[in-house]
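Asker: Submitted below is the structure of interest, expressed as structure tokens.
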Amino acid sequence: MPINLSTEQKDLAETLDDVWSRIAPGHDVWPSIRELGLTEIPFPEATGGADGTFRDLTVVMTGLGRTLGSAPYLSSVVMAGLALLDAADRDTRAELLPGIVSGARTAALVCGPGIVTSAIRGEVAAERELSLTGVQHAVVDGESAELLVVVTHGPDGTELALVEGSAPGVRRSVGEQLDGTRQLATVEFDGATARRISGPDVASRLGDVRSRILIALAAEQVGLARRCLEMAVEYAGTRQQFGRTIGSFQGIKHKLVDLLVAIELAEVTVLDASSGAERGCDESGTAEPGGTELASRAAAARVLASRAAMTAAEEAIQVHGGIGFTWEHPLHHYFRRAKADQLLFGDEYPYVQSVGESLVHGRGVTRPRRVSEPA
Amino acid sequence: MTATVIPAETGQDGAEDLRAFEAASRAWLDSRLPRRDAAEQAPKYSIFHNLGHEDERALIDGGRAWQAERVDAGFGAMTWAPQWGGRGLTASHERIYAGVEREYLTPERHENILVTVELVAPTLLELGSDWQQERFIRPFLRTDELCCQLFSEPGAGSDLAGLSTRAVRDGESWRVNGQKVWSSGAQFSEWGLLIARSDPAAPKHKGMTAFMVPMDLEGVEVRPIRQMSGGSTFNEVFLTDVVLPDEFRVGEVGDGWRVALTTLGFERQSSAGIVDAGGNTADLIRLATSLGLTGAAEVRGRIAESHLYERAQALLVARYAELEQAGAVPGVEGSIGKLVWTQNLKRVGDAAASFLGHRILADTGEADTFAWTQHLLGAPGYRIAGGSDEIQRNIIGERGLGLPREPR
Ligand SMILES: Cc1cc2nc3c(=O)[nH]c(=O)nc-3n(C[C@H](O)[C@H](O)[C@H](O)COP(=O)(O)OP(=O)(O)OC[C@H]3O[C@@H](n4cnc5c(N)ncnc54)[C@H](O)[C@@H]3O)c2cc1C
């Protein structure tokens, strides 16, 4: 598969840029997402989906990262949607996916920072029922989602459960948060009754879903980083000090080049990871797990994209000087989002370690293609 | 870094053709060389050679013989036109061949061969006279003759246009006087591509002219310089009343800067891809395993870091090649690639040194340990050669990001 985006994918990226380029961070773009049918991308036709590629999905995430448009896209389409598609039982998928695919309903995935783990306990209440207890913080769109897809731990191990957000025994709240453009809610369960919806092999399927979520988020981080770099380059090309444009000072120029290099590395890693992340589960429910290869590509994307985004947001503020530190300037939203993205599913250190571990244990040592001839 | 991309035809036929080509490459290599994994192979960590003169010459001769064999079989200059002994194939073919060749134990490729084949030959194709192309290109592609780069001077490195070696016209010939430095492979080369100042009154970028110089000519003296890594790959070259016929002039009088930029462009492109120098992540893993260090989180972290960037770099080079193949005009990809590559060389060297501790301070006699000094001490060289980090960043900032030029 080519590393670069296809012509259609480039067109989609440009369309999104046209539609969203003038909006302010935090602006609600959900209506335009539904209008453009973007919620349908990763789902099979049988559920009303567009049967798009995972690559297409990352193009949307990149666009959202560039603009910081607000929408329950990560939460409902990527997190809950893919968890339902890949890890839920067949009946639940048939019943729930169409609403999520069309964007008519939204769902949130209640899980811990590890995605396959959570602080929620599920006691078996009846054959198809769990009684949920526990508190989970920083649930993406946890207050606004209609449906909660919950990763729980019970006597039978990891399970997937479903509960309406308005059900008795569910308490949801949003307090102050670092990043104001994406809702991170606290969700509490106090004996709430939920439906058991685990499909076969739920734990390993959730592992693959987790890899996809990380890659999608990494795509957002790359979009965010590129936009920060663009803002900084634009500013450095006009702002004058000491009788010179500040972009002609190497202290500034080289800083921006280092950002570009970090973004190039992150982007190509995300592109590579996204081409290995097609849906893991076909219509009959047969799994094609990506396993350790997908996990290690996701980890690589996670690490390089987190670094690129955080440094870009941080250094773009520096390049802007005082104006960059003002509330009015959009950069602080980028900084906030970059920090939130960096920490949402655990910071990068464990991912670096996971890559190192699989390398020293001889798993997933895909020796990179070496090119010694000039390109 | 926006490049206009014209999508290439990638029909079924193209893919089939590439598969057939890969099979043909493998069949040919099978008949020539042992496979790398099957061969008993001493690991090699050196980035620059640290050999005596005769040993280095022998290594170069081995590389030359292999290059000639490749070219003759159609695998050495495959993107070149048949006129030059090539097959007019695409960069994809070249990449596929390179990938397959890596599975085999090939004779080592010395920098001098790279300079001749990948920098000078294409420069002559672009800017050389008909006579020069006829005279030099094929012998250079086959490395029957080698050519070094006589650009840098004691007073002109990063600011190459500041050079002061003089070329004075004298009827149908030129008289050259001056001193070059850091000339890699000058002691093994039959030819040198020289940039000299032909018009001191003109603005510095306009008053230079390029020449092909026979290195055995009267008045050319080569003195090897010892590098911090031990060997003497590079040299000082003294030019005293060297007389060159005008037919050795490359390009127009006063057009030397263009010749230099053309060669440097090929150099950045080429060094972005040289990832076979020194140790790599696989070597780091072997080292950590043999030292019993893989249980340490810090060690695993450093291995992972090296792997992440090594892999990303390989992907980046492949991505740029793909874009170029699709018709994108090359921009600053070479400079980005070079920075990324040398940063990773440094990352690998630092990691190895930290794993080795005392063993890299003093040779304990164990195999595969102190040898890493060859990587550690070589890496700084490539951050300077072909344009320092700062110069690459200036290029990327100004041409890639469109930032204002620094005062010059
Ligand atoms: C291993 C090796 C092989 C080489 N092979 C060849 C060869 O075959 N032929 C050949 O002609 N040359 C060769 N060179 C020379 C190489 O191109 C020069 O060394 C290089 O361009 C730097 O020039 P310099 O050594 O004069 O350093 P200087 O230009 O004096 O640079 C010294 C320092 O100043 C910095 N600096 C300079 N200008 C600027 C600026 N504008 N902004 C910010 N910082 C700046 C540099 O980045 C560097 O850190 C080789 C060099 C090495 C190390």
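What follows draws every value from the coordinates through simple rules; no lab data is involved. From a predicted model like this one, the values you see are computed outputs, not experimental measurements. Glycine also receives a Cβ, built like all others from the backbone with ideal geometry; neighbour counts cover every protein chain displayed.
Asker: List the aspartates and glutamates whose alpha-carbon lies under 13 Å from that of B:K44, not counting same-chain residues fewer than 8 positions away?
Answerer: Leaving aside aspartates and glutamates fewer than 8 places away in the same chain, those within reach of B:K44 are B:E108, B:D276, B:D283, B:D368.
Asker: With a 10 Å radius around each residue's Cβ, average the other Cβ atoms per peptide and rank B:72-85, A:296-309, highest first.
Answerer: On the way: B:72-85: 17.1, A:296-309: 28.6.
The peptides rank, most packed first, as A:296-309, B:72-85.
Asker: Same structure again: In nm, give the distance between the simple-model label positions of B:D144 and A:A46, each being 7 Å from the Cα along the Cα-to-Cβ direction.
Answerer: Roughly 6.7 nm, to one decimal.
Asker: Please compute the modelled spin-label separation between B:R19 and B:A38, points set 7 Å along Cα→Cβ, answer in nm with one decimal.
Answerer: 2.5
Asker: As an exercise, use a Förster radius of 45 Å and the Cβ-Cβ distance of A:R171 and A:T238 to find the FRET efficiency, rounded to the nearest 0.05.
Answerer: 0.35
Asker: So what's the back-of-envelope 222 nm ellipticity for chain A, counting only DSSP H runs of four-plus at -39500 (n - 2.57) apiece and dividing by all residues, rounded to 500?
Answerer: Dividing the helical sum by the residues of chain A leaves -15500 deg cm²/dmol.
Asker: Sticking with this structure for a sec: Which shape class applies to the range A:164-207: rounded if a/c is under 1.5, otherwise prolate when a/b exceeds b/c and oblate if not, where a ≥ b ≥ c are the square roots of the Cα gyration tensor eigenvalues? Don't jump to the answer; show the numbers that get you there.
Answerer: Values: a/c = 3.51, a/b = 1.40, b/c = 2.50.
Note, shape of the range A:164-207 comes out oblate.
Asker: Restricting the count to DSSP beta bridges whose residues both fall in the protein assembly as shown, what percent are antiparallel, rounded to a multiple of 5?
Answerer: 85
Asker: If you don't mind, there's one more thing I want to ask. Sort the range B:107-253 into rounded, prolate or oblate with this rule: let a ≥ b ≥ c be the square roots of the eigenvalues of the Cα gyration tensor; rounded if a/c is under 1.5, and if a/c is not under 1.5, prolate when a/b is larger than b/c, oblate otherwise. Could you put the intermediate results ahead of the total?
Answerer: Numbers: a/c = 1.64, a/b = 1.16, b/c = 1.42.
Oblate, because a/c is 1.5 or more while a/b does not exceed b/c.
Asker: Counting partner chain Cβ atoms within 10 Å of every residue's Cβ in A:251-260, what's the average?
Answerer: Average per residue, whole number: 6.
Asker: Check cross-link reach from B:K338 to the lysines: straight Cα distance under 19 Å, and skip same-chain residues fewer than eight apart.
Answerer: Cα-Cα hits under 19 Å: A:K253, A:K255, B:K346.
Asker: Here's another thing I want to ask about it. Please find the FRET efficiency linking B:R405 to A:D347, where r is the Cβ-Cβ separation and R0 is fixed at 51 Å, and quote it to the nearest 0.05.
Answerer: 0.85
Asker: Separation between the A:T7 and B:Q179 pseudo-spin-labels, each 7 Å from Cα along Cα→Cβ, expressed in nm?
Answerer: Taking the simple label geometry, A:T7 and B:Q179 are separated by 5.9 nm.
Asker: What residues of the range B:279-299 lie in the reach of a label at B:H358, counting those whose backbone N is under 17 Å from a point 7 Å from the Cα along Cα→Cβ?
Answerer: B:291-293
Asker: Give me a single rounded figure for B:318-326: the average over its residues of other chain Cβ atoms within 10 Å of their Cβ. Working shown, then result.
Answerer: Details: counts 9, 9, 6, 5, 4, 4, 1, 2, 2.
Mean inter-chain Cβ contacts per residue within 10 Å come to 5.
Asker: Moving on to the next point. Just want to confirm a number: the relative contact order over the range B:187-227, from Cα pairs under 8 angstrom separated by 6+ residues, in percent.
Answerer: Result for the range B:187-227 is 43 percent.
Asker: Next question. Would you mind telling me the antiparallel percentage of the DSSP bridges in chain B, rounded to 5? Display every interim value, and only then the final one.
Answerer: Details: 29 of 34 bridges.
Roughly 85 percent of the DSSP beta bridges within chain B come out antiparallel.
Asker: In the Gaussian network model of chain B, springs joining C-alpha atoms below 10 Å, which of B:R138, B:R57, B:R102 carries the largest mean-square fluctuation?
Answerer: Of B:R138, B:R57, B:R102, the most mobile in the Gaussian network model is B:R102.
Asker: Then there's this: Rounded to the nearest 500 deg cm²/dmol, what is the calculated helix-only ellipticity per residue at 222 nm for chain B, with -39500 (n - 2.57) per DSSP H run of length n ≥ 4?
Answerer: -12500 deg cm²/dmol
Asker: Excluding same-chain residues fewer than 8 positions from A:K10, which aspartates and glutamates have a Cα within less than 15 Å of its Cα?
Answerer: Hits, sequence-local ones excluded: A:D18, A:D56, A:E267.
Asker: Further question on the same structure: Within a 10 angstrom radius of the beta carbon, how do B:K206, B:K338 rank from fewest other beta carbons to most?
Answerer: Lowest to highest Cβ neighbour count: B:K206, B:K338.
Asker: If you take the beta carbon distance between B:Q83 and A:S204 as r and set R0 to 41 Å, what does 1/(1 + (r/R0)^6) give as a FRET efficiency, to the nearest 0.05?
Answerer: It comes out at approximately 0.10.
Asker: If you don't mind, there's one more thing I want to ask. Checking the a/c ratio against 1.5 first, then a/b against b/c, what shape does the Cα gyration tensor give for chain A? Write out the running numbers ahead of the final one.
Answerer: Values: a/c = 1.84, a/b = 1.52, b/c = 1.21.
Prolate, since a/c reaches 1.5 and a/b exceeds b/c.
Asker: In a GNM of chain B with a 10 Å cut-off on Cα contacts, which of B:H358, B:H375, B:H49 has the highest mean-square fluctuation?
Answerer: B:H358
Asker: Taking the Cα atoms only, what angle lies between the long axis of helix B:333-356 and the longest principal axis of chain B, rounded to 10 degrees?
Answerer: Tilt of helix B:333-356: around 40 degrees.
Asker: Between the alpha-carbon centers of the range A:13-35 and the range A:93-134, tell me the distance in whole angstrom.
Answerer: Here the answer is 29 Å between Cα centres.
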